[in-house]
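Mind looking over this structure? Questions follow.
The values are calculated or read from the model by the stated rules, or taken from the named source; none is laboratory data. Computed from a predicted model, the values in this text were never measured in an experiment. Methodologically, a virtual Cβ is constructed for each residue, glycine included, from the backbone with ideal geometry; neighbour enumeration extends over all protein chains shown. Side chains are part of the model used for accessible areas, which takes the heavy atoms of the whole protein and leaves out ligands, DNA and RNA. Shrake-Rupley method; radii C 1.70, N 1.55, O 1.52, S 1.80 Å.
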Amino acid sequence: MKFLFVGTNPENTGAATHFVALAQAMVEAGHQVSAVVYPDGLIAKNLAASGVRIYPAKFRNVFDLRGYFATIKAARHLRPDWLVGNFGKEYWPLILMSRLLSVPVALFRHRTPPMGRVSGYLVPRLAQRFFAVSSHARQAYLDRGIPPQLVRVLYNPVNMQWCKPDPQKRSEILHQLGIPQDAIVIGYVGRMHGSKGIYTLLEAAEGAMVQESRLHCLWLGHGPDAQAIGERIEAGSFAHRHHMLGWIDDVHPYYSAISMLAFPSIATETFGRVSVEAQAAEAPVLGSNIGGIPETLSANVTGLLLPPGNAPAWRNAILRMCDADVRVPMGVAARDFVDRHFSTRVIADEFVRILGDG
């Protein structure tokens, strides 16, 4: 099949990462893919070596003719079977071009807050396929009155090769950070914001460090609370066992460096890509039992689901995961779980199946 992806968002968001991963998955599955993307943005850079033909363009809003011209040009070259969109500002342009070009359109929604009244009612009904990225998100859309038959679920695809465990890379990263090679490393990857549960994690990790001398904490990400949590770490008793790296463009190597991933959000998450990627690298996950996070792991098999904001429960779970007899089998099961449910191969096949399901 031939797919024309349209995503001119310049920002580094979960929707942008999904856009790239799905486009790459379709190429790996043998499909022909072109993409209309923001020039020199994250999406364009990540697709540059993926066998995707790139058409640079910008969609400021529904009235921006630049995006229309680039999309029509790309469609004339490719003659796509489907248009695919990931960003709200392009829903209406893609619906209009779908009619103009007589090409069906598949739209993905990555957030649970409601769209405007008109868009919320019409977009799922006018797109030939409308996708949620989790069952949790799908239910939120159904609760707002969208008919169940109009909302399909397609999870984020994960490249198993990019996320494979690499003991040598682990050793190199630990050495660079001054972390002992026998350390047990709990990793956090995400936005530094209170809603992400970072203060709960800090309290729990420091409580666990009292009992487990090998425990270290690796923090990857940035956000408005980065300075505040950094100050709390420095004021604590275990500052030397916390390692804050800030924003990392490519986090995949760091999944090999961690022993477990913490996903401690206290606010609802639509899905949780980092959970799936970490498991692909054989790192079991401690995840909040909220929103779409439970869909990313197999509870008590590839990780543990925990009450959001409950620091004592998180401390105890961290200590439990410090036991190699618990952690290692979960890690092995985790990679198999991701391969069966979230690998690019599985998601590409499921996407094609849903598109063909009249």
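Using the heavy atoms of the protein chains and a 1.4 angstrom probe, tell me the accessible area per residue for the range 1-122 in square angstrom. Don't jump to the answer; show the numbers that get you there.
Values: 5580 Å² over 122 residues.
Solvent-accessible surface per residue comes out at 46 Å².
Let me ask something additional. On a full-extension model of 0.36 nm per residue, what is the gain between R111 and R320, subtracting their alpha-carbon distance, rounded to one decimal in nm?
On the way: separation 209, 0.36 × 209 = 75.24 nm, distance 3.32 nm.
Extending this stretch completely gives an extra 71.9 nm.
Shifting gears a bit: Hey, what D do you get for the range 1-138 in µm²/s if you plug the Kirkwood alpha-carbon radius into Stokes-Einstein at 25 °C and 0.890 mPa s?
Values: Rh = 14.8 Å.
Once the numbers are plugged in, D ends up at 166 µm²/s.
Same structure, new question: Counting alpha carbon pairs within less than 8 Å and at least 6 residues apart, what relative contact order, in whole percent, applies to the range 1-51?
On the way: 62 pairs, mean separation 24.9, N = 51.
RCO, the range 1-51: 49 percent.
What are the residues whose amide H is under 5 Å from the amide H of L304, where those residues sit 5 or more places off or on another chain and H is modelled from the backbone?
V285, L286, G287
Pairs of alpha-carbon atoms within less than 8 angstrom and 6+ residues apart define the contacts here; what relative contact order does the range 1-111 have, in percent? Intermediate values should be presented prior to the final figure.
Working: 205 pairs, mean separation 33.1, N = 111.
Averaging sequence separation for qualifying contacts and normalising by length gives 30 percent for the range 1-111.
Starting from the Cα of K58, draw a straight line to each of the lysines and keep only those under 17 Å, dropping any in the same chain fewer than 8 residues away.
Partners within reach: K45, K73, K89.
Could you compute the net charge surrounding V338? Neighbours are other residues with a C-beta less than 15 Å from the C-beta of V338; K and R count +1, D and E count -1. The partial results should precede the final answer.
Numbers: positive: K164, R273, R335, R340, R345; negative: E277, E282, E295, D336, D339, E350.
Net local charge, V338 excluded: -1.
Here is a further query. Quantify how much of the Cα-Cα distance distribution of the range 98-226 extends past 23 Å, in percent. Display every interim value, and only then the final one.
Details: 4841 of 8256 pairs.
Considering the range 98-226, 59 percent of its Cα-Cα pairs are separated by more than 23 Å.
Only helical DSSP H runs with n ≥ 4 go in: add -39500 (n - 2.57) per run for the chain, normalise by residue count and round the 222 nm mean residue ellipticity to 500 deg cm²/dmol.
On the way: 14 runs with 156 residues, N = 358.
Helix-only estimate at 222 nm: -13000 deg cm²/dmol.
What ³J(HN,Hα) values, in whole Hz, does the Karplus curve 6.51 cos²θ - 1.76 cosθ + 1.60 give for the range 303-309 when θ = phi - 60°, with x put for Gly and Pro?
Once θ is set to phi - 60°, the couplings for the range 303-309 become x, 10, 9, 10, x, x, x Hz.
Normalised by the number of residues in the range 194-286, what is the relative contact order in percent for Cα pairs under 8 Å and 6+ residues apart? Kindly include the intermediate steps, with their values, before the conclusion.
Numbers: 91 pairs, mean separation 31.5, N = 93.
It rounds to 34 percent for the range 194-286.
A further question follows. Over the alpha-carbon set of the range 152-280, divide Rg by the Kirkwood Rh and report the Rg/Rh ratio to two decimals.
Values: Rg = 14.6 Å, Rh = 15.2 Å.
Ratio value, two decimals: 0.96.
As a test of reading the structure, rank H240, H110, H136, H222 by solvent-accessible area (1.4 Å probe, protein chains only), most first. The partial results should precede the final answer.
Details: H240 130, H110 35, H136 55, H222 105 Å².
Largest to smallest exposure gives the sequence H240, H222, H136, H110.
Then there's this: In whole Hz, with x marking every Gly and Pro, tabulate ³J(HN,Hα) for the range 92-101 from phi via Karplus 6.51 cos²θ - 1.76 cosθ + 1.60, θ = phi - 60°.
Each residue of the range 92-101 in turn: 5, x, 6, 5, 5, 6, 4, 5, 5, 8 Hz.
I've got another one for you. What does the accessible area of Y68 come to, in Å² to the nearest 10, when a probe of 1.4 Å is used?
Ignoring ligands and nucleic acids, Y68 comes out at about 30 Å².
At 1.4 Å probe size, with the rest of the protein present, what percent of the exposed accessible area of the chain is carbon and sulfur atoms?
On the way: 7830 of 15240 Å².
Roughly 51 percent of what the probe reaches on the chain is carbon or sulfur.
Among residues other than I198 whose Cβ falls under 13 Å from its Cβ, what is the net charge (Lys/Arg +1, Asp/Glu -1)? Mind showing how you got there, number by number?
On the way: positive: R191, K196, R232; negative: E203, E206, D225, E231.
Net charge around I198: -1.
To the nearest 20 debye, what charge dipole does the chain have about its Cα centre, counting +1 at the Cβ of each Lys and Arg and -1 at the Cβ of each Asp and Glu?
Numbers: 35 positive and 29 negative charges, 315 e Å.
Charge dipole, the chain, about its Cα centre: 1520 debye, nearest 20.
Taking the Cα centre of the range 22-78 as origin and charging only Cβ (+1 Lys, Arg; -1 Asp, Glu), how large is the dipole, in debye to the nearest 20?
It comes to approximately 220 debye.
Per-residue HN-Hα couplings for the range 328-339, Karplus 6.51 cos²θ - 1.76 cosθ + 1.60 at θ = phi - 60°, whole Hz, x for Gly and Pro?
Running phi through 6.51 cos²θ - 1.76 cosθ + 1.60 with θ = phi - 60° gives 5, x, 4, x, 5, 5, 5, 5, 5, 4, 5, 4 Hz.
Amide H neighbours of V33 under 5 Å, counting only residues 5+ apart in sequence or on other chains, H built in-plane at 1.01 Å?
Close amide H contacts, sequence-distant or interchain: F3, R53.
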